[in-house]
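A.B. asks: Shown below is the structure under consideration.
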């Protein structure tokens, strides 16, 4: 199931429901935008060069590294919609029940993807950030290790989970997330990434499941 491509409005106002002192209160706020802009703006079947919306930052975070900046893609509504719908189209055949988004940029793409695909969402967080009982998995850093965690009850046992992040580089965090999913008694349905850095061969660390990546460098 996908999100509707347009939002019908009976009048040029947004009507919001707020909770104040236990009472529902209807707020009518003026909408100053162009209603036509809410209609469908992109389709994964249309032609769009998403790489044109990725900004290259040389020598960041250290000399010799080119950083692929997604903020310029996020700032463009058509590019953002196209990226989400393209991921949804590629990942739909995997038939996931949930999406797991890796902290933190995996949240940016995982949440709208879950909404588009009508799936539940679970955050994969750094150690100590989740309040209930968790599973934890270590992954390697350049110097030392770190941990990722997921709530033990994040998914219904036996479910298929799609792991989402903005980028796969060395594959360490994605591989740790796959282990977390398995700890909950679930199956990794596949992975979805906006960007893949091919030279770092992150795929080799991942389970033998389908991997969708929209852009390769």
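A.B. asks: Arrange 145, 116, 47, 177 by Cβ neighbour counts within 10 Å, fewest through most, would you?
C.D. replies: 47, 145, 116, 177
A.B. asks: Can you say what percent of the DSSP beta bridges in segment 94-216, counting only those with both residues inside, are antiparallel? Round to 5.
C.D. replies: Counting DSSP beta bridges with both partners in segment 94-216, the antiparallel share is about 30 percent.
A.B. asks: If R0 is 22 Å, what FRET efficiency do you get for residue 74 and residue 217 from their C-beta distance, rounded to 0.05?
C.D. replies: 0.80
A.B. asks: Another one. Pop out the Kirkwood hydrodynamic radius of segment 94-216 from its pairwise C-alpha distances, inverse of mean 1/r, in Å to one decimal.
C.D. replies: That comes to 14.1 Å for segment 94-216.
A.B. asks: Quote to one decimal, in nm, the extra length available between residue 143 and residue 103 on full extension: 0.36 nm per residue of separation minus the C-alpha distance between them.
C.D. replies: Contour length minus Cα-Cα distance gives 12.4 nm.
A.B. asks: Now for a different question. Ranking 182, 85 by Cβ neighbours within 10 Å, fewest first, what do you get?
C.D. replies: Result, fewest neighbours first: 182, 85.
A.B. asks: Using 19 Å as the cut-off for backbone N distance, which residues of segment 149-172 belong to the label zone defined by a point 7 Å from the Cα of residue 204 along Cα→Cβ?
C.D. replies: Answer for segment 149-172: 168-172.
No lab work stands behind these numbers, since they all come straight from the coordinates. None of these values were measured; they are calculated from a predicted model. No Cβ is skipped: glycine too gets one built from the backbone with ideal geometry, and neighbour counts run over all protein chains shown.
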